[in-house]
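Notes to accompany the following structure.
The values are calculated or read from the model by the stated rules, or taken from the named source; none is laboratory data. All values reported here derive from a predicted model rather than from experimental measurement. With ideal geometry, Cβ positions are generated from the backbone for all residues, glycine too; neighbour counts draw on all protein chains shown. Quick note on the areas: whole protein, heavy atoms, side chains included, nothing else; ligands and nucleic acids left out. Shrake-Rupley method; radii C 1.70, N 1.55, O 1.52, S 1.80 Å.
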Amino acid sequence: MKSFKQFFLEAETKRIILMGGPGSGKSTYAEFITKEFNIPHIYPGGMLRKEIDKNTDIGKQIKPILAKGNFVPNEIVLKLIKDAIAKSPEGFVLDGWPRYMTQVKDMQKSNIGYDHVVFLDVSKEEIIRRLTARGRKDDTPEIIKNRISLYNKETGPAVEYFKKQPNFISIKAEGGEPKEIANKIID
């Protein structure tokens with residue numbers, strides 16, 4: 001009998017949505033997953049920064065928006081994601097998107113499919129510990145608590161939606177080394 005990992009490795013596509021709050025390790029675990037399955041990491045935040053660095057038309061449009069700390073319009077992010085997915089027929093790890101129910105609906109309207117949603121479950125105390133350890137000025141316990149609260153309010157409904165769908169996997173993403181946790185996700 002085949003293990004889930006063997007079955008997954010033999011599947012034609014490996015389309016994974018990685019969800020989790022601030023400091024949950026999405027990008028860290030995405031790196032392990034992309035190496036294991038040889039699929040690209042689609043990270044909207046990084047894609048937006050690349051557009052700015054390359055000084056593209058989109059980059060010129062979003063630079064002042066991000067400079068003010070505002071969110072980039074959903075249609076721009078959606079276009080970048082759709083373009084990246086179109087270049088990745090073998091699959092992808094979509095890191096931190098969709099975040100809101102509006103984006104879930106955009107995903108559905110755009111026929112962006114997925115095979116699995118992996119939710120990285122990390123306690124509030126661990127998130128505060130991880131983010132304050134980074135030593136950034138804006139990573140104070142109070143600011144982090146506000147970010148967690150905002151995440152729960154805005155992204156919580158999207159997580160709840162996916163929990164009710166087939167192929168939702170929740171992984172306790174704390175209390176071990178990143179490689180151990182990544183292996184749990186991959187297995």
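FRET efficiency for the pair Y100 and K50, taken as 1/(1 + (r/R0)^6) with r the Cβ-Cβ distance and R0 = 30 Å, rounds to 0.85.
Highest mobility in the GNM of the chain, judged by mean-square fluctuation with C-alpha springs under 10 Å and restricted to A86, A30, A158, is found for A86. Across the stretch 29-132, the convex hull enclosing all Cα atoms gives 141 Å³ per residue. Rounded to the nearest 10 square angstrom, I171 shows an accessible area of 20 square angstrom against a 1.4 Å probe. The candidate values were [x] 22, 20, 18; [y] 25, 23, 16; [z] 34, 18, 16; the one computed from these coordinates for semi-axes √(5λ) of the Cα gyration tensor in Å carries the label [y]. Potential lengthening of the chain between Q165 and D57 amounts to 35.2 nm, from the contour at 0.36 nm per residue minus the alpha-carbon distance.
Across K172, K60, K26, mean-square fluctuation computed from a Gaussian network of the chain (C-alpha pairs under 10 Å connected) peaks at K60. In the chain, the sites counted are GluC sites (Glu not before Pro) in DSSP loop states with at most 14 other Cβ atoms within 10 Å, and the longest stretch holding none of them, exclusive of the sites, is 91-187. Partners of K60 within straight-line reach, counting lysines whose Cα lies under 19 Å from its Cα and excluding those fewer than 8 residues away in the same chain: K50, K68, K79. Shown in residue order for the stretch 175-184 are the 3J(HN,Hα) couplings computed by the Karplus curve 6.51 cos²θ - 1.76 cosθ + 1.60 at θ = phi - 60°: x, x, 6, x, 5, 4, 5, 4, 5, 4 Hz (x for Gly and Pro). Here the chain is assigned +1 on the Cβ of each Lys and Arg and -1 on the Cβ of each Asp and Glu. Its dipole about the Cα centre then comes out at about 420 debye. The gain in end-to-end length when the T132 to K109 segment is fully stretched comes to 4.4 nm, 0.36 nm per residue minus the alpha carbon separation.
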